[in-house]
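Just so it is clear, none of the values below were taken in a lab; they were calculated from the coordinates. Bear in mind that the values here come from a model prediction, so they are computed numbers and not experimental data. Cβ atoms come from the backbone with ideal geometry, glycine included; neighbour counts cover every protein chain shown.
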Amino acid sequence: MQSLLLMALRIASTAAKFILTIYTARYLGLADLGVYGLLVGATTMIPAVLGLGTTDWVLRHIATMPRDEAIASSATRLALPMLLHAIGQPILWAVNYALGAPVPWQLLLIGGAILFLEHIASDACDLLIGRGWVYFANIVFFMRGGLWPPVVIAWGLLDPSARTLQCLLLGWLCSLILTWIVLAAQLFSQSRWRAVGIRASWMAGGVRASVPFYIKDLTGSVSLYLDRFLLSAFLGLELTGVYTLFWSVANVLHNLVVFSVVQPNLRRMIESARQPDDASFRVLERKLQREGGIWIVLLAVGASVALFLLLPLLDRPLLQENLSVFWIILAATALRAGADSYGFMMLALRKDRAIAIASVGGAIASIILNLALLPMLGLAGAALAYLLTAGGLLVVRYAMTRSFCMLRSCGSTL
């Protein structure tokens, strides 16, 4: 039942983003879709850079902390990226000014506000899940991702002058502001705000201990989003928009499986991994394998049918011409869902160094494959690089997890 309710929230959010992608491609054009895709990529890459790898380390600690201690720890974790944004964004403004404003100021300022608020809200959702507030975290996720696209789309359909990238980004920004009002209200209820504090020395120790996670976050972002930045450099924004649309359709599968089936069980994984033998961990692993596998098949079929129905409505010949790329991206996304699921299991097993090693290997493979295949095969080359990288990560993480569990079993037997 939990998975179904969470799946419903995720489906609503993902469907809204998917329809927004279709709307953008149809009414704004593939170039604006390419810019939007780059900004979406940045909302994932910036947390990886400015989070310093501390999210996973903090999640593992706050899962079993008393309430007030967990609130102070979470506040400290959120203060870290706030400080880094306050330092980093003015530097980017100065660089943009010095270079003659290659990025329009309006786009830079709205985009910067979105990156800041989205980053902190994303971290807050992770911390809520770490404390077992799974439903509230997914409601917040819906407000960030699913609430505003219907408003922007309706606005654009009723008023053709609103069919601009600026209006789209303003809708996103307003949704984030509303999200933070709700988060603030939750903090002030039941006097939770009284426990807010800054645990500077604790966080400093966490930054030092989080080096493997930081390596994982940075290399994971490179593996996942390098292709679209290379595509924009080699092939232009229109083909980047094609890739973004296909990736967005396929990514529905990843979001729903990983964040509705696997991540909500992270606290249970951490607790079962602390048991002296791996029996309970294996039971949970097999359960997630079954549920995740079933949902992957169902969602892959659904995404394929949806794309076939929507392509004629978009009236974009480039999409039809590159349809074969979608099938490669869909297969790659299914493999990535499996790989990321085993990433959570390795986190629960406290195999931090192995997490970093696997992620570095994935990033190196992604860079080499993209640079080798993209110039030769274009969009198909980027998709093949994605497929091979995701498949390799799944094999490596699965093998590592099984190896660690076998060692635990042998140790408990001895």
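Quick notes
- Fewest-first ranking of GLU285, GLU69, using other Cβ atoms within 10 Å as the exposure measure: GLU69, GLU285
- Sorting TYR97, TYR342, TYR23, TYR386 by the number of Cβ atoms found within 10 Å of their own Cβ, with the fewest placed first, yields TYR97, TYR23, TYR342, TYR386.
- In the range 123-164, the trypsin sites (Lys or Arg not before Pro) that fall in loop regions by DSSP, at most 10 other Cβ within 10 Å: none
- Adding -39500 (n - 2.57) for every DSSP H run of four residues or longer, then dividing by how many residues the chain holds, sets the calculated 222 nm ellipticity at -29000 deg cm²/dmol.
- Euclidean distance between Cα centres, the range 225-269 to the range 49-106, Å: 22
- C-alpha center-to-center spacing [the range 143-159, the range 360-400] in angstrom: 35
- Lys, Arg +1 and Asp, Glu -1 on Cβ, resulting dipole of the chain about Cα centre, debye, nearest 20: 1080
- Relative contact order of the chain, defined on C-alpha pairs under 8 angstrom at six or more residues apart (%): 24
- Scattering curve values for the chain, log₁₀ I(q)/I(0), Debye with Cα scatterers, q = 0.07, 0.09, 0.11, 0.12 Å⁻¹: -0.33, -0.55, -0.85, -1.03
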